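Shown next, in structure tokens, is the structure this report addresses.
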């Protein structure tokens with residue numbers, strides 16, 4: 001029997017490695033941009049075409065490479081970052097594995113042009129499917145230019161599973177934002193299909209956040225600053241009133257490396273306990289600095305997961321840092337025990353006169369049994385408000401009249417509805433009392449209506465007399481461009497230009513959201529929440545997002561007629577019992593349960 005174990009060819013081994021490191025075009029952007037940062041570049045440009053399918057080009061003015069280094073950089077496990085096993089425990093750079101370029105070259109047509117400052121000529125290297133097809137001197141500026149063309153051209157199965165251009169470009173923006181946030185002193189630019197998406201000058205962290213996510217963030221952040229022997233934390237936490245339902249602007253960095261850390265995320269949420277609106281997530285941009293020897297970054301191929309030597313202590317420091325920052329900026333109630341707020345208590349000394357006893361005036365001639373009416377001189381009673389019961393009868397009458405107004409019963413044949421806490425609609429039914437969640441009920445009504453409208457044709461819009469303009473970050477602009485035609489068909493008027501300015505010209509006529517701007521923000525936020533669910537198709541995703549953005553908010557008072565109309569529309573739906581996201585819309589307290597409560 002012949003031997004069955006064999007060594008894989010380098011091209012196959014590289015494609016297997018690429019499956020771990022290069023998952024989509026955004027992975028290429030991440031690896032090449034991080035290499036440019038490690039090369040000491042002060043200016044980095046990322047050029048994308050067709051969301052990375054056709055071209056990904058990263059241009060930097062870093063140190064460049066010699067002819068030999070340019071050729072070796074595409075070999076597996078070739079790196080300038082480590083030279084011994086001990087170096088793995090003190091890593092401060094990003095691309096230390098030596099797999100990125102080999103993995104990229106295994107699934108694309110890759111070209112590198114690079115030159116060191118001291119060299120007269122640069123080097124050109126072309127690699128297709130892990131094979132060097134060209135290497136020669138060339139003319140180029142100091143630094144490196146990596147051009148990755150036709151990604152996954154030789155792996156059709158991988159290329160077939162790429163998402164739409166808008167989805168893939170959203171992932172590219174996310175990776176670009178992470179690197180740009182970690183290195184605000186570097187100039188960055190991002191160009192997609194010849195349109196400039198970002199041009200970021202060198203700045204500090206706060207300026208970089210505002211440049212990436214919009215001017216509104218400048219007023220919505222509080223400083224976080226803590227220094228300990230275990231870890232130092234700096235950055236910003238968002239104010240709770242600006243928290244959103246969808247995750248997005250939550251960033252952890254350790255030694256200028258973006259990381260995901262659910263354990264520390266819970267520490268941040270714990271710091272916001274009791275002050276966040278329901279089902280929302282606050283924004284935060286937190287930069288940690290620690291001894292590289294106390295963290296392990298080599299536990300995941302994409303290097304976005306790390307392990308701390310003392311994670312519990314880091315958790316406690318993170319919790320205390322964010323909570324202290326929120327309290328310092330009066331975001332949460334705090335008690336100031338400083339001397340300036342102390343109450344001044346007088347001290348009795350021997351030379352102070354003795355205090356006088358209080359003087360009380362007493363009518364010694366008053367007899368409660370002599371039948372005469374006593375009237376205090378400081379009270380002015382009306383003629384009909386004396387000691388008889390007429391005043392109490394008047395009070396009772398006013399109270400009863402108020403109760404009748406809040407719970408209108410109408411005629412004998414009219415159904416009865418009343419609102420509890422401007423959140424629940426209550427109405428008597430044969431079996432007991434029905435409770436309806438007004439927002440979830442309206443979501444169900446609008447969801448089925450919008451879903452039908454996407455098939456039936458455009459619906460009328462309520463045109464705004466004064467169009468509203470707002471600025472969105474490029475990631476949200478990509479989402480808006482993706483759903484723009486759908487939401488226009490539902491009556492939401494929105495116009496986008498070449499930049500990040502959006503004009504809202506109208507909203508659906510049946511919308512109960514008073515602010516078109518708030519409606520747009522909710523729409524995008526809700527759409528993000530549905531992106532990770534493959535069971536929801538595009539039409540359902542848009543209808544669900546629009547329903548949540550347009551539905552009656554909690555806290556809105558409703559008239560008896562509005563409650564009755566909502567009741568009728570709900571029970572005309574195909575699935576009145578559940579909201580579009582599967583939450584309970586109604587509940588019934590049975591007569592038997594009511595009887596038990598009074599037994």
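Just so it is clear, none of the values below were taken in a lab; they were calculated from the coordinates. Keep in mind that what you see is a predicted model, and the values were worked out from it rather than measured. Using ideal geometry, Cβ is built from the backbone for each residue, glycine included, and neighbour counts are taken over all protein chains shown.
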So between residue 500 and residue 131, what do we pick up on full extension, going 0.36 nm a residue minus the alpha carbon distance?
128.7 nm
Just grab the label-to-label distance for residue 423 and residue 538, each label 7 Å out from Cα along the Cβ direction, in nm (one decimal).
3.8 nm
Least to most buried among 119, 279, 165 (fewest other Cβ within 10 Å first):
279, 119, 165
Average the reciprocal distances over every distinct pair of alpha-carbons in region 435-588, invert the result, and give the Kirkwood radius in Å.
15.9 Å
Residues 170, 76 in order from fewest to most other beta-carbon atoms within 10 Å are 76, 170
Counting other beta carbons within 10 Å of each Cβ, put 540, 34, 175, 565 in order, fewest first.
565, 540, 175, 34
